[in-house]
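Structure, as structure tokens:
The values are calculated or read from the model by the stated rules, or taken from the named source; none is laboratory data. This structure is a prediction, so every number in the text was calculated from the model and none was measured. Note that each Cβ is placed from the backbone with ideal geometry, even for glycine, and that neighbours are counted across all protein chains shown. With ligands, DNA and RNA removed, areas are computed over all heavy atoms of the protein, side chains included. Shrake-Rupley method; radii C 1.70, N 1.55, O 1.52, S 1.80 Å.
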Amino acid sequence: MAFGVIAIMLFVAGFPVFLLFFLGFLSMFIWKVFTAEGRNETRQIFEFYLSANEILRDDDRRWYGFEIQDSINRGESIVRAMSAPPPLVLFGLGALYQKLDDHSTAVKYLAQVVDETVTNETAIVFPTRELREYVRMLRKIERAPAEAPLTSSAIRSLERTRKNRGLKLLEFSRLELTKKVAPLPHSEQRLESVVDVANIPHLDAENDTGPNPWDDIDDLEIPAENSRPSQADFETQAKAKASKHHARAAARGDRKTISEVLHDIYDKNVQ
């Protein structure tokens, strides 16, 4: 009727008839394109419900990871295309991510629809065009479930799972995240070395009575700047070191140093 009224007004104003037919066909084409696009998006939502419900249903079927990922990709495309996706789509995505043990993403989606602090569908009073088209198709399926029995059954099953197990699924994912980041108790924490000290006998402090090679560092005397030590200074330092070595040897007992052992072996071989 609107197109007819506009066409009559243009005809009275003097527009040519062929131009009116051209504008009418162009308007009809644009309207069909946008209407088909909206229906295509709505059809993708119900196809996602079918695949998600089939995977999440407890029927002892084993699903491949790529099958679950394909269903997730379908749901993610819906979320990206719609500024306000249906809450049931978000719930299905969260449950599928939990199926793949991706608990961080599962919490992200499940918390938006099953958490006690979130709002439900009754809070949405200004819908987008896509959401309005989705609700129109949803009510049509609910009023006549025989026309789409599989889709109707999938929607009811997902809604029932969201109502009965949604909060438990969210708490489970949060608990798994806590386990991954929780530190060990203080009683279980211990430092372990990558070196097996027990297999290194020379590190035994009780049996180590040999000379310390770092002891001579303390005996070094750094000469003052612009001063050259004399021969007498070298002899004095050498005597002081020798007396310190003898004192350490006497304190350790009769154990000989490496140099003394080598001298004894050399003297015996010479004899």
- [ ] Pull out a ≥ b ≥ c, the square roots of the eigenvalues of the alpha-carbon gyration tensor of the range 119-181, then state rounded if a/c is under 1.5, prolate if not and a/b is larger than b/c, and oblate in the remaining case.
- [x] oblate
Open item on the list: How large is the accessible surface of Ile124 in square angstrom, using a 1.4 angstrom probe and rounding to the nearest 10?
Closed with: 80 Å²
Open item on the list: Rolling a 1.4 Å sphere over the protein heavy atoms, what is the accessible area per residue of the range 62-102, to the nearest Å²?
Closed with: 47 Å²
Open item on the list: How charged is the neighbourhood of Ser83? Take every other residue with its Cβ under 13 Å from the Cβ of Ser83, and add Lys/Arg as +1 and Asp/Glu as -1.
Closed with: +1
Task: Inter-label distance for Ser77 and Lys163, nm, one decimal - labels placed 7 Å from Cα along Cα-to-Cβ - done: 3.1 nm
Task: Local electrostatic count, Trp63, Cβ distance below 14 Å [Lys/Arg +1, Asp/Glu -1] - done: -3
Open item on the list: For Tyr64, what accessible surface area do you get with a 1.4 Å probe? Give it in Å², rounded to 10.
Closed with: 150 Å²
